[in-house]
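Report on one structure; see the data block that follows.
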Amino acid sequence: MASASLLRLSLSKPTTSLYPKPDFPLFQPSTRIAIKPNRHHLITRLCHPDSITNNSPNSSIPLSTSPPPSNLFANWTPPRALWRGLSALVLAGQVAHRVLTGRVHRRNTLQQLERVGPGSTGVSLLTAAFVGMAFTIQFVREFTRLGLHRSVGGVLALALSRELSPVVTAVVAAGRVGSAFAAELGTMQVSEQTDTLRVLGTQPVDYLVTPRVLACILALPVLTLLCFAVGLASSAFLADTIFGVSINIILDSARRALRPWDVLSSMIKSQVFGAVISVVSCAWGVTTHGGAKGVGESTTSAVVISLVGIFIADFALSYLFFQGAGDSLKYAMG
């Protein structure tokens, strides 16, 4: 009797599971909604795209069609000439700071000095000799006809010291040294060798640019003095052999016409020209991009800009140095 009652209690009591069944099903049966295509609705959406609301709750609010505000210079890129000119100024300031603080790579500077100085001596002297002889042919005959043969040496000395020697030397250096600087640094830039120097902890300005600028500034005055001597000697020889003006007369006239300021101004011009050539060539080299074609374009552009800078600087310095000069030929005639 007791066992029968226990059996009825167990059947009437609900069993409790260890994992209770949730109040909602975990997996809802998928419901497929068949949408009948409406040709008029599709045509309306194609013709009026603004009517598409994507069933958003705020579809009644019209969307703003005005473009977002943009920066004025967001899509503007500076011209390449302006960008390179600014980079040349920045590079010149960095080189000046390195020189004033003594951060100069001496061994590399000596190597570049040997390259700019002795490496360019032959072509510079040859050019100066023929320029001096060509200048002699232009005016010595006229001076001898006017009886001014005693002022020939003074005219030669003044022209060579003030203008011809520094300008000719700078033009030769721009064609030989400036093109080499631009081509080398441009090749290093496109082949990512400058980035390798930065990874190794070396600044390209310290290792590549500053030695080249210093080499040009130090070597060009010496080359200018040599070109002046060779040009005057070749001019005197030509005047003596062809036009009959004695070498002694030419040298004596040159000695009386020249002043120390004439030689000093020539050296100052050479230093300015050397700085222009080296800074422009290095700046154009380190801003090269575009592979081998970019290297060629940078080299050509560097030489052209260097020559233009030389002539502009020559005019400015001549106007500054010799504006009040005018008595030198009077002393040359004795």
request  = Could you please find all residues in segment 161-186 being among the polar types (S, T, N, Q) and touching a Gly at 6+ places or on another chain (Cβ under 8 Å)?
outcome  = Ser165
query = Taking the stated definitions as given, is Leu214 among the aliphatic types (A, V, I, L, M) and either touching a strand residue (DSSP E or B) at 6+ places or on another chain (Cβ under 8 Å) or more than 22 Å from Val304 (Cβ to Cβ) (or both)?
reply = yes
ask   = What number of residues in segment 110-147 are over 18 Å from Ser270 (Cβ atoms) and polar (S, T, N, Q)?
value = 4
task = May I ask you to list the residues in segment 140-157 that are open to solvent by 20 Å² or more (accessible area, probe 1.4 Å) and assigned to a helix (DSSP H, G or I)?
result = Arg141, Glu142, Phe143, Thr144, Arg145, His149, Arg150, Val155
ask   = Of all residues in segment 175-205, which are in a helix (DSSP H, G or I), open to solvent by 30 Å² or more (accessible area, probe 1.4 Å) and of a type outside the set (A, V, I, L, M, F, W, C)?
value = Gly175, Arg176, Glu184, Thr187, Gln189, Gln193, Asp195, Thr196, Arg198
request  = Working only within segment 253-278, note down all residues that are open to solvent by 20 Å² or more (accessible area, probe 1.4 Å), part of a helix (DSSP H, G or I) and either free of Cβ contacts under 8 Å to residues at least 60 places away in the same chain or of a type outside the set (Gly, Ala, Ser) (or both).
outcome  = Arg255, Arg256, Pro260, Trp261, Val263, Leu264, Met267, Ile268, Gln271, Val272, Val276
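The values are calculated or read from the model by the stated rules, or taken from the named source; none is laboratory data. Keep in mind it's a predicted model, so treat the numbers as computed, not measured. Note: ideal-geometry Cβ built from the backbone for every residue, glycine included; neighbour counts use all protein chains shown. When the accessible area is computed, the model is the full protein with side chains, heavy atoms only, and any ligands, DNA or RNA have been set aside. Shrake-Rupley method; radii C 1.70, N 1.55, O 1.52, S 1.80 Å.
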